[in-house]
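The values are calculated or read from the model by the stated rules, or taken from the named source; none is laboratory data. Since this is a predicted model, take the numbers as computed values, not measurements. All Cβ positions, glycine included, derive from the backbone under ideal geometry; neighbour counts span all protein chains shown.
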Amino acid sequence: MELVRKSPNLQTIGQYETNLSGKYTAEVVDLYVNALLEYMKPNVGRSHYKTVCRYLRRIIKLGAREKANEVMSFFRTEYRNRKALMEELNNV
């Protein structure tokens, strides 16, 4: 868990998710949420939006649908002008 905390990017979290999700589910979800919020700031484009939605689905599979809904709601208000993002969020 310390390794993931030191480098909390989406790839690192995803790589160790299966090992950590049993014991540290809530912490993994929080790491995902923070990483997604940081990831969206500089990245624009449908491929990035698909990546974000893929990780939102992983958050839902970890049992944190409410957190995923909060993040999606934030994205819908913060990035409401990004039509491709809105389309991808509708598929989650």
Restricting the range 28-49 to residues that are of a type in the set (D, E, K, R) and surrounded by fewer than 14 Cβ atoms within 10 Å (Cβ to Cβ), the one nearest to Tyr16 (Cα to Cα) turns out to be Glu38
Within the range 7-18, the count of residues that are touching a residue at least 40 places away in the same chain (Cβ under 8 Å) and over 18 Å from Ala68 (Cα atoms) comes to 0
Condition set basic (Lys, Arg) and surrounded by 14 or more Cβ atoms within 10 Å (Cβ to Cβ), scope the range 51-75, selection farthest from the chain's Cα centre (by Cα): answer is Lys67
Residue pairs qualifying under the 8 Å Cβ cut-off, at least six apart or on distinct chains, with the first in the range 68-92 being at positive phi and the second being surrounded by 11 or more Cβ atoms within 10 Å (Cβ to Cβ) and small (Gly, Ala, Ser), are none
(1) at pLDDT 90 or above; (2) closer than 20 Å to Leu85 by Cβ; (3) surrounded by 15 or more Cβ atoms within 10 Å (Cβ to Cβ) all hold for Leu10 apart from (1)
Cβ pairs under 7 Å, 6+ apart or interchain, first in the range 19-31 and of a type in the set (Phe, Trp, Tyr), second outside any helix (DSSP H, G or I), ordered by first then second residue, are Tyr24/Met1
When Arg58 is run through (1) without any contact (Cβ under 8 Å) to a residue 40 or more places away in the chain; (2) out of contact with any helix residue (DSSP H, G or I) (no Cβ under 6 Å at 6 or more places or on another chain), the failure sits at (1)
